[in-house]
Amino acid sequence: NAGVTQTPKFQVLKTGQSMTLQCAQDMNHEYMSWYRQDPGMGLRLIHYSVGAGITDQGEVPNGYNVSRSTTEDFPLRLLSAAPSQTSVYFCASSPPVTSGGPLSYNEQFFGPGTRLTVL
Amino acid sequence: AQKITQTQPGMFVQEKEAVTLDCTYDTSDPSYGLFWYKQPSSGEMIFLIYQGSYDQQNATEGRYSLNFQKARKSANLVISASQLGDSAMYFCAMREVSNTGNQFYFGTGTSLTVIP
């Protein structure tokens, strides 16, 4: 298994450009999410999805769009890049909360991250 | 209100000593999960340990243990016998599943430095 993959690893954009950060997982996880990590602020949730066709906003969704047409892929689109979107972006996936025995809130598996700079 | 609070931006520990990284959380849900992740300087996020809100025992994974005090809403990470390779950022996280969503919440992290 490749786990969670992200492309590209690094990207430089000019203000106003658009781009898509790719995320894919091969673990058949229903839950996928995007975070941005800024110094001193931890990881902040941008958008998440609990399954194909279902997405929802996180803490900092403005300026970003997502879609989930398949279980495997969860791309993040920057519509018009701004310097404030300079950050490291992580994609993550997780199995659903499982029951039937002890309730288990399964951990997230993270991709390697994309370092984005907007000039 | 912050869902996850980590009040120690930076910590130092002597090699081979134990260290406790603090984490408090805020939820009104009786059912949730708590996690700790390690982020070394290389940048990847590494899952360390998990505690379910209904788990009776504190979680342990090798040198990591989670000191879970439900009434105080705290989930401190204890690293025993610190090693130089433990120098990293550590993040506490919580997962909630409720009518309003299914989200993980992260704290701002604690930077741990192990001194030889």
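What's the exposure ranking of B:Lys73, A:Lys14, B:Lys3, B:Lys38, going from fewest to most Cβ atoms within 10 Å?
Working: B:Lys73 15, A:Lys14 8, B:Lys3 18, B:Lys38 21.
Starting with the residue having the fewest Cβ neighbours, the order is A:Lys14, B:Lys73, B:Lys3, B:Lys38.
Relative intensity of region B:37-116 on a log10 scale, I(q)/I(0) at q = 0.18, 0.27 Å⁻¹, equals -0.83, -1.46, per a Debye sum over C-alpha point scatterers of equal strength in the absence of solvent.
Using the structure shown, list the pairs from A:Lys14/B:Lys38; B:Lys16/B:Lys38; B:Lys16/B:Lys73 with a Cα-Cα distance above 23 Å, or answer none. Before the final figure, lay out the partial values.
Values: A:Lys14/B:Lys38 32 Å; B:Lys16/B:Lys38 18 Å; B:Lys16/B:Lys73 29 Å.
From the list (A:Lys14/B:Lys38; B:Lys16/B:Lys38; B:Lys16/B:Lys73), the Cα-Cα distance tops 23 Å for A:Lys14/B:Lys38; B:Lys16/B:Lys73.
Local charge for B:Lys38 was computed over the other residues whose Cβ lies under 14 Å away, with Lys and Arg +1 and Asp and Glu -1, and equals -3. Sorted ascending by nearby beta carbons within 10 Å, beginning with the fewest, A:Asp56, B:Asp86 become A:Asp56, B:Asp86.
Taking label positions 7 Å along the Cα-Cβ direction at both A:Ser67 and B:Ser111, the computed distance is 4.1 nm, reported to one decimal. Here the simple spin-label model places points 7 Å from the Cα toward Cβ, and for B:Thr7 and A:Ser18 these points are separated by 4.7 nm. Based on Cα atoms of the protein assembly as shown, Rg over Rh with Rh as the Kirkwood radius reads 0.97. Here the residues A:Val4, B:Val114, ranked from fewest to most Cβ neighbours within 10 Å of their Cβ, fall in the order B:Val114, A:Val4. For B:Lys3, the aspartates and glutamates whose Cα comes closer than 19 Å to its Cα, not counting residues fewer than 8 places off in the same chain, are A:Asp38, A:Asp56, A:Glu59, A:Glu107, B:Asp22, B:Asp26, B:Asp29, B:Glu96. Backbone N atoms of region B:46-75 closer than 13 Å to the 7 Å Cα→Cβ label point of B:Gln83 belong to residues B:62-64.
Every read-out reported here was derived from the displayed coordinates using simple, explicitly stated rules and does not represent laboratory data. Note that the structure is a prediction, hence the values are computed from the model and not measured. Reconstructed Cβ throughout: ideal geometry from the backbone, glycine too, with neighbour counts over all protein chains shown.
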